[in-house]
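Undergrad: A single structure is presented below for examination.
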Amino acid sequence: MTITTWKDQLQTAIEPTLAEEIDLFENQLELKKQGKLTDQVFGETRLRRGAYGQRYDNGQRHDGIESRTLPFPSDGLTKGAETIWDAPGMQRIKIPYGGLNPEQLEVMAQLAEEYSDNILHITTRQDIQLHFIHLEDTPDLMRRLGAVGITTREACGNSVRNICGCPLAGVCRTEAFDITPYADAMTWFLMGHDDVQDFGRKFKIAFSGCEDEACGLVRFHDLGYVAKTKIVDGEVQRFFDVYVGGGLGTVPHQAKVLAEWVPEAEILPQAQAVARVFARLGEKKNRNRARLKFLIAKLGLEEFQRLVEEERKILPHDDRWTSYLQDVPEQTEVALKPPTFLNGAPLPKGFNDWYATNVYHQRQEGYTTITIKLPLGDISSDQAYALADIAREFVGESLRATVEQNLVLRWVSEKDLPAVFSALDRWGLADPGAEKVTDITSCPGTDTCKLGIASSRGLSAELRDRLIEKNGSLAPAIQDLKVKVSGCFNSCGQHHVADIGFFGNSRRRENRAVPHFQVVLGGKWKENGGAYGLAVGAVPSKNIPAVFDTITETYAADRNEEETFHDWIGRYGKKEVRNLIQPFMDVPTYAEKPEYFSDWGDPREFTMSDMGIGECAGEVVSLFEIEVARAEGEAFDALIDLDEGRFVEAEASAYKAMVLAARALIRNEYIDIGDDPDRIVSEFKTRFYDTEKFFDRFAKGKFGRYLLSRHANPPESIDEDIARRRIEEANLFIEAAHACDAKLAAEAGSGGIPNLLA
Amino acid sequence: MIPERIQIKLFINKAVSLADLVPVFHGWIQQNELDGLVLDVADYRHVPNGPGLLLMGHEGDYALDLADGRPGVTYKHKRDWPAEADTFATRLALAVNRARRAAELLNRDTGITVDPSRFEIKIPDRLNVPNTAGSFEVIQQELLNETQDVVGPIGAVLNVAGDDPRKALTIEVEMAPVVAI
């Protein structure tokens, strides 16, 4: 019989349950086509299989001249709300703790070649994404992945996402023990578990082998585990410190300690108990308040701990909680080759630079882990085939994706390093500078993401090219910096934990949108993402390279010996840093420099959400721009207060900044609003919140509620956490006010909002 | 043996600045210059010998591709074939014509020309056309017997993907030298 489908060809190669799930998903596609499933139900179904939307999937795209309808042949068929069936999407592929083998890498390369654009994209949570995928190709794509042991189940949607783990687990010199088997057990225990099917929002888990390094970045996860050991009755026993309620997103939250010294046998039931409490009490209607961090803030940590303990007591026993423990070995991987050392043989050109930055000496003598630095997290199908061959020849099975969007090869015998370098170099995979300043992390941004505001990848590529050009002359302190870029406030590029982070936003000038990036300074990558940076000002996108040079050169010149960037920012002060960037914050006129009105790597005139812009009305400054500048000044004062430990004043200034931004919008409609906060908030609610004019397309009323909630419920006591959060909220509220002003202007045509200063 | 996906590559004999092509590609979308629904530009200039600069479309993707260190204009048809494209030859003809149209536009807007003496056919469809000696044999015969009126007189058909089963079947077609009469 001739085999004509992947389903037939792979039916014995896929684990039966997974095969059934994929068949069911394919049936659901058919039912949706027949109109028997709603957009809402099918949308969540598709997301839970990792099939995500992509930019322009609403069928609208601004081509630089005008917004045009993309004439997909879908004939009205949709795959979710405002999501056209035939529009390409993104397929996220879960790679638990980033671990993959050469065969899996090869299959993903084939899928990229057949269904996507020949590129595998590594994400900041160790997934691999394929872009420009047609929904109807996804069942076969999933089958081909399933045949090599990969599932996309619960890669998106309100579910337990990919579980992250340190890519050095098992070979790290500072870890307590290898977290790999625990991350693996957690992955398969929770995947599809009944207790994780009713979340109001996504749920992210990470494992770290040690406290001090970046590792799994547990401090910004919903649930995080840090390995530790102690001697009990004369034996070394394994434990975890368990963290809950962390998250980046628009307003970042540091995770809190749920419990210390949790025995290894307890982590699965405890996670199940956490999941049950989250499913039962977590917010379901308002997705902007539905992450675990909000539930913990609402209940208080102690009450949450109590509820989890109570839930744990009544859980029905499950053998899987501990059955995997008998198979946990001291070391989870076996080296392909015996340990050796570099023996003085001639080294290939470029080897030394690469060796200095991309090679990590494992705790197992004679072995190294090497990092393959992937620009913007991208590797082509051809490179992936080559890398699979190199892995097979030198290390066997052991590849891992990292949260810095790279791949690592573990268990490379030292003597093989020159040969591995040469093999990688042949395929353009031996770039030096891994995890250094040229190794910039970036989310997809406006390239493919529906939520992207500015081009994070365009900016990252530009910064990277400039830095590589002058890398030899960069001060060592600059070379060590972490740079991370997000296309919007949602933090997928993890800008909060970078030394220098950027997130995309937009400003209006002469009734045109201008791409900007907010500059976020002083985050801490180490200590599992130990501190979050703070925004110091929004700069036109085209000025970011100059701002970057100014900040880094000042740091290199002013820092004390061994002073980190995080510490230097603390000492130098946000006010002084603001003075550094201030000269770059202005936007020239369109006539002077039209390039400021386009983004990096994209010559189209910049727009927001594909909404058309009005004709240029000449050189005018709107009332809103004047008024909102006061709000921005107040928000910056809050930052200074925070910096200097005046938390009460910082919180008050942040609140005032929101009131002023609301006033700026109101005064376009009601010039005599006055200064009374009660009246301003009331008018804001009536005119902009209740009418949904202030609503973000995706975040809806989230940013408006920051003001309404703070005004209605002033905090009884204020600590650093609350002040910091209020400042983040104020900055986002101001960004939303800018977006609202731009949206209303665009809707009304040129200068739609009365321009009282024109 | 009818592939669902066919890619044609017309080689360029000199180095190309992809940065200069970004606005050109956006211009082609604005002016609706190409056949098929073209959606957006995807920029992979940073990937060595990678897919280069692409114009992602619904039925097919155009690119200035850098794979194997050999720059070329590519067109990959991937779905929604017209009803009349129901044989290898008719599908090949559609893909070749679209690649040639992109090459004409490139020449018009940048002066870049393609090498008329050879082109590449890649078939990224491992289900219907796996990279085997048998597939190569079938496609070779199809090329020689059914397609020369579309692609021109063929001199030789070479299997360039070798026998690596992971790879897509890839064939280089050398055109027959033009004989002056």
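Residues are listed down the side, and each one gets a yes or a no for (1) open to solvent by less than 40 Å² (accessible area, probe 1.4 Å); (2) part of a loop (DSSP other than H, G, I, E, B); (3) out of contact with any helix residue (DSSP H, G or I) (no Cβ under 8 Å at 6 or more places or on another chain):
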| site | (1), (2), (3) |
| --- | --- |
| A:514 | yes, no, no |
| A:517 | yes, no, no |
| A:535 | yes, no, no |
| A:547 | yes, no, no |
| A:561 | no, yes, yes |
| A:567 | no, no, yes |
| A:586 | no, yes, yes |
| A:592 | no, yes, yes |
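Undergrad: Quick one: is residue B:112 touching a residue at least 12 places away in the same chain (Cβ under 8 Å) and either small (Gly, Ala, Ser) or under 17 Å from residue B:65 (Cα atoms) (or both)? Spell out the reasoning first.
TA: Details: touching a residue at least 12 places away in the same chain (Cβ under 8 Å): yes; either small (Gly, Ala, Ser) or under 17 Å from residue B:65 (Cα atoms) (or both): yes.
Here the answer is yes, as residue B:112 does meet what is asked.
Undergrad: Continuing with this model, one more query. Please work out which residue is nearest to the other protein chains (Cβ to nearest Cβ), limiting yourself to segment A:31-54 and to residues that are open to solvent by 80 Å² or more (accessible area, probe 1.4 Å) and more than 11 Å from residue A:79 (Cα to Cα).
TA: A:34
Undergrad: Of all residues in segment B:149-181 being outside any loop (DSSP other than H, G, I, E, B) and touching an Asp or Glu at 6+ places or on another chain (Cβ under 6 Å), which is modelled with the highest pLDDT?
TA: Restricting to residues being outside any loop (DSSP other than H, G, I, E, B) and touching an Asp or Glu at 6+ places or on another chain (Cβ under 6 Å), the top hit is B:172.
Undergrad: Among the candidates A:735, A:683, A:720, single out the residue that is over 21 Å from residue A:517 (Cβ atoms), acidic (Asp, Glu) and open to solvent by less than 60 Å² (accessible area, probe 1.4 Å).
TA: A:683
Undergrad: Would you mind telling me which numbered condition in (1) under 27 Å from residue A:487 (Cα atoms); (2) open to solvent by 10 Å² or more (accessible area, probe 1.4 Å); (3) within 14 Å of chain B (Cβ to nearest Cβ); (4) at pLDDT below 95 residue A:72 fails?
TA: Of the numbered conditions (1) under 27 Å from residue A:487 (Cα atoms); (2) open to solvent by 10 Å² or more (accessible area, probe 1.4 Å); (3) within 14 Å of chain B (Cβ to nearest Cβ); (4) at pLDDT below 95, the odd one out for residue A:72 is (4).
Undergrad: Additional query: Could you grab the pairs with beta carbons closer than 8 Å, sequence gap of 6+ or different chains, first residue in segment B:63-89 and more than 16 Å from residue A:119 (Cα to Cα) and open to solvent by 50 Å² or more (accessible area, probe 1.4 Å), second one charged (D, E, K, R) and assigned to a helix (DSSP H, G or I)?
TA: Taking only residues 6 or more apart or on different chains, the pairs are B:87/B:146.
Undergrad: Okay, moving on. Considering only residues that are open to solvent by less than 10 Å² (accessible area, probe 1.4 Å) and either closer than 24 Å to residue A:741 by Cβ or touching a helix residue (DSSP H, G or I) at 6+ places or on another chain (Cβ under 6 Å) (or both), which ones fall in segment A:496-511?
TA: Once the filter is applied, which keeps residues that are open to solvent by less than 10 Å² (accessible area, probe 1.4 Å) and either closer than 24 Å to residue A:741 by Cβ or touching a helix residue (DSSP H, G or I) at 6+ places or on another chain (Cβ under 6 Å) (or both), segment A:496-511 yields A:497, A:501, A:502, A:504, A:505.
Undergrad: Return the residue satisfying two criteria in turn: it lies in segment B:9-30 and is within 7 Å of another protein chain (Cβ to nearest Cβ) and either in contact (Cβ under 8 Å) with a residue 24 or more places away in the chain or hydroxyl-bearing (Ser, Thr, Tyr) (or both), and of such residues it is farthest from residue A:382 (Cα to Cα).
TA: The qualifying residue farthest from residue A:382 (Cα to Cα) is B:29.
Undergrad: Report, by residue number, each residue of segment A:459-486 that is surrounded by fewer than 24 Cβ atoms within 10 Å (Cβ to Cβ) and either of a type in the set (Phe, Trp, Tyr) or at the interface with chain B (Cβ under 10 Å from one of its Cβ atoms) (or both).
TA: A:461, A:464, A:465
Undergrad: Kindly indicate the residue of segment B:90-119 that is aliphatic (A, V, I, L, M) and under 17 Å from residue B:53 (Cα atoms) and also most open to solvent (accessible area, probe 1.4 Å) among those meeting that condition.
TA: In this case the residue turns out to be B:114.
Undergrad: From the residues in segment A:502-552 that are modelled with pLDDT under 95 and hydroxyl-bearing (Ser, Thr, Tyr), which one is nearest to the chain's Cα centre (by Cα)?
TA: This residue is A:532.
Undergrad: Moving on to the next point. So, in segment B:31-47, how many residues would count as being open to solvent by 50 Å² or more (accessible area, probe 1.4 Å) and at the interface with chain A (Cβ under 8 Å from one of its Cβ atoms)?
TA: Of the residues in that region, 1 qualify.
Undergrad: If you go through segment A:653-677 one residue at a time, how many are under 22 Å from residue A:725 (Cα atoms) and open to solvent by 40 Å² or more (accessible area, probe 1.4 Å)?
TA: At the first step, the residues of segment A:653-677 found to be under 22 Å from residue A:725 (Cα atoms) are A:653-663, A:677.
When the remaining residues are screened for being open to solvent by 40 Å² or more (accessible area, probe 1.4 Å), the result is A:656, A:677.
Selection size over segment A:653-677: 2.
Undergrad: Could we say that residue A:388 is within 26 Å of residue A:117 (Cα to Cα), in contact with a helix residue (DSSP H, G or I) (Cβ under 7 Å, 6 or more places away or on another chain) and not in a loop (DSSP other than H, G, I, E, B) here? Explain how you work it out, then say what you get.
TA: Numbers: within 26 Å of residue A:117 (Cα to Cα): yes; in contact with a helix residue (DSSP H, G or I) (Cβ under 7 Å, 6 or more places away or on another chain): yes; not in a loop (DSSP other than H, G, I, E, B): yes.
For residue A:388, the condition - within 26 Å of residue A:117 (Cα to Cα), in contact with a helix residue (DSSP H, G or I) (Cβ under 7 Å, 6 or more places away or on another chain) and not in a loop (DSSP other than H, G, I, E, B) - is met.
Undergrad: Answer yes if at least one residue in segment A:174-188 is within 14 Å of chain B (Cβ to nearest Cβ), at pLDDT 95 or above and out of contact with any His (no Cβ under 6 Å at 6 or more places or on another chain), and no otherwise. Please lay out each step first, then the result.
TA: Step one: of segment A:174-188, the residues within 14 Å of chain B (Cβ to nearest Cβ) are none.
No, every residue in segment A:174-188 fails to be within 14 Å of chain B (Cβ to nearest Cβ), at pLDDT 95 or above and out of contact with any His (no Cβ under 6 Å at 6 or more places or on another chain).
Undergrad: Can you tell me which residue among A:129, A:104 is under 23 Å from residue A:154 (Cβ atoms), touching a His at 6+ places or on another chain (Cβ under 6 Å) and of a type outside the set (A, V, I, L, M, F, W, C)?
TA: It is A:129.
Undergrad: Next up: Considering A:111, A:100, which residue is away from chain B (no Cβ under 11 Å) and either open to solvent by 10 Å² or more (accessible area, probe 1.4 Å) or modelled with pLDDT of 95 or more (or both)? Before the answer, list the steps.
TA: Working: A:111 fails: away from chain B (no Cβ under 11 Å).
That would be A:100, the only listed residue that is away from chain B (no Cβ under 11 Å) and either open to solvent by 10 Å² or more (accessible area, probe 1.4 Å) or modelled with pLDDT of 95 or more (or both).
Undergrad: Inspect all residues belonging to segment A:278-287 and state whether any of them is at positive phi, out of contact with any strand residue (DSSP E or B) (no Cβ under 7 Å at 6 or more places or on another chain) and assigned by TED's automatic domain parsing to the domain that holds residue A:203.
TA: no
Undergrad: Quick check on residue B:68: is it within 14 Å of chain A (Cβ to nearest Cβ) and at pLDDT below 95?
TA: Yes, satisfied.
Undergrad: Within segment A:56-67, how many residues are touching an Asp or Glu at 6+ places or on another chain (Cβ under 9 Å) and open to solvent by 40 Å² or more (accessible area, probe 1.4 Å)?
TA: Taking segment A:56-67 first, the residues touching an Asp or Glu at 6+ places or on another chain (Cβ under 9 Å) are A:56-62, A:64-65, A:67.
Retained after the next criterion (residues that are open to solvent by 40 Å² or more (accessible area, probe 1.4 Å)): A:58, A:60, A:65, A:67.
Looking only at that region, the number is 4.
Undergrad: Which members of segment A:75-97 meet the condition of being more than 12 Å from every other protein chain (Cβ to nearest Cβ), among the aliphatic types (A, V, I, L, M) and surrounded by 23 or more Cβ atoms within 10 Å (Cβ to Cβ)?
TA: Listed by number, the residues that qualify are A:90, A:93, A:95.
Undergrad: Let me ask you something else. Of all residues in segment A:374-404, how many are farther than 18 Å from residue A:423 by Cβ and away from chain B (no Cβ under 12 Å)?
TA: 5
The values are calculated or read from the model by the stated rules, or taken from the named source; none is laboratory data. Not measured: the values here are computed from a predicted model. FYI the Cβ positions are ideal-geometry reconstructions off the backbone, even for glycines, and counts take in every protein chain you see. Protein only, heavy atoms only, side chains kept; ligands, DNA and RNA dropped before computing areas. Shrake-Rupley method; radii C 1.70, N 1.55, O 1.52, S 1.80 Å.
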